[in-house]
């Protein structure tokens, strides 16, 4: 097999993978009542990313096989075009979760209104203009592409920091927030793909063949992870949709530290029933169930324990983990993590060490 045939095969395979993923994502069944509005918006942005990659990759294959078309710098032009569209759609996918107010049809159409004419002009100039004119336009297009990556990265970093703060404030669960890192590494993986694509301009069919297969693997990882992320999407939707900094009603603030005996009983029953092990509920859910105004519950916990609600709940979970291990020192740690209400093993280990002053291993050895 020649290098050219290998490149065409890998390009077609990569385009096919992207196309299949686009079709699968477009066909996802999402019911209106599932609380997945932002997931749906992100889904269509990701469909656009995969569809754009597939379409332009197939276009390159068709043109490169046509002897009537002078394809000198066509590959480089299409790399910039594909990269620009992928960068836009993937960034919109991520922002649909972390800054949904920034993503709507108008924003997407405005970006397309800029990208489509520029992409078309670059490809047409490659096919019609002189080499001198095209080189100038190509350099300008490459600079614009790098600027686009820089601006999107800057926007993502700022938005993701705010998103993390909002999620932690809403759920007060560091290990739960850790489970949402798919959003973070998806952006960085896509950015790496966008930068790696520039190496395809080295005019080496072997390098280009390897990179296109790497792209296919990256697309599979992103697509499968996005589908699996569906179970976390409602949690993200609720937290991001919450109004940050909302002020309480004036009449509520006066009784922030005083709670009725009935409320104390409900809180005590919640503790006896080990409601703190449920890691799917935010503090506002718990407050509502117990008949508290949320700041009242937070202040009451702080007044009686000296801890904030998040630290108090983690301590209760660690105490439950100690009880579980004490009853069966040989129980697998994965079971302890799940039974004690944690989502992340690393966070469990850190919390156990911090609260008990010794590692899980040392605690087990003390039981021998």
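Order of 203, 278, 284 from fewest to most other C-beta atoms within 10 Å?
Details: 203 10, 278 13, 284 18.
Ascending number of Cβ neighbours within 10 Å: 203, 278, 284.
Going by alpha carbons, how many degrees (0 to 90, nearest 10) lie between the helix axis of 345-356 and the longest principal axis of the chain?
Approximately 30 degrees, to the nearest ten.
Angle check, please: helix 205-228 long axis (alpha carbons) against the longest principal axis of the chain (alpha carbons), in degrees 0 to 90, nearest 10.
30 degrees
Using only the Cα atoms of segment 1-153, build the gyration tensor, take square roots of its eigenvalues as a ≥ b ≥ c, and label the shape rounded, prolate or oblate: rounded if a/c is under 1.5, else prolate if a/b is larger than b/c, else oblate.
On the way: a/c = 2.82, a/b = 1.52, b/c = 1.86.
Oblate, since a/c reaches 1.5 and b/c is not below a/b.
Quick check: Cα centre of segment 110-149 to Cα centre of segment 338-368, how many Å?
56 Å
Could you work out how much longer the chain between residue 303 and residue 102 gets when fully extended? Use 0.36 nm per residue separation minus the Cα distance between them, nm to one decimal. Mind showing how you got there, number by number?
Working: separation 201, 0.36 × 201 = 72.36 nm, distance 3.95 nm.
Gain in length upon complete extension: 68.4 nm.
Nearest 500 deg cm²/dmol is fine: what mean residue ellipticity at 222 nm does the chain get from its DSSP H runs of n ≥ 4 alone, each adding -39,500 (n - 2.57), divided by its residue count? Before the final figure, lay out the partial values.
Numbers: 17 runs with 277 residues, N = 368.
Calculated at 222 nm, the ellipticity per residue is -25000 deg cm²/dmol.
Cut-off is 10 Å between beta-carbons; in what order do 102, 213 appear when sorted fewest neighbours first?
Ranking 102, 213 by Cβ neighbours within 10 Å, fewest first, gives 102, 213.
Apply 1/(1 + (r/R0)^6) to the Cβ-Cβ distance of residue 327 and residue 154, taking R0 = 45 Å, and write down the FRET efficiency to the nearest 0.05.
On the way: r = 52 Å, r/R0 = 1.15.
About 0.30, to the nearest 0.05.
Using the number of other C-beta atoms within 10 angstrom as an exposure proxy, rank 286, 355, 195 with the fewest first. Walk me through the numbers on the way to the answer.
Numbers: 286 19, 355 16, 195 12.
The fewest-first ordering by Cβ neighbours comes to 195, 355, 286.
Per-residue counts of other Cβ atoms within 10 Å, averaged by peptide: what ranking do you get for 42-50, 108-116, 128-136, 310-318, highest first?
Put in order of decreasing packing, that is 42-50, 310-318, 108-116, 128-136.
Extension gain residue 231-residue 206, at 0.36 nm per residue separation less the Cα-Cα distance, in nm? Walk me through the intermediate numbers first.
Values: separation 25, 0.36 × 25 = 9.00 nm, distance 3.99 nm.
Separation in residues times 0.36 nm, less the Cα-Cα distance, equals 5.0 nm.
How high is the FRET efficiency from residue 196 to residue 112, r the C-beta distance, R0 22 Å, rounded to 0.05?
0.35
Quick check: residue separation of residue 12 and residue 182 times 0.36 nm, minus the Cα distance between them. What number comes out in nm? Mind showing how you got there, number by number?
Values: separation 170, 0.36 × 170 = 61.20 nm, distance 2.76 nm.
Working it through step by step, the gained length comes to 58.4 nm.
How far is helix 294-305 tilted off the main Cα axis of the chain, in degrees rounded to 10, range 0 to 90?
Rounded to the nearest ten degrees, it is 60.
Rule-based calculations on the coordinates, nothing more; no lab input. Bear in mind the structure is a predicted one, so any value in this text is a computation, not a measurement. Please note: Cβ atoms are built from the backbone with ideal geometry, for glycine as well, and neighbour counts cover all protein chains shown.
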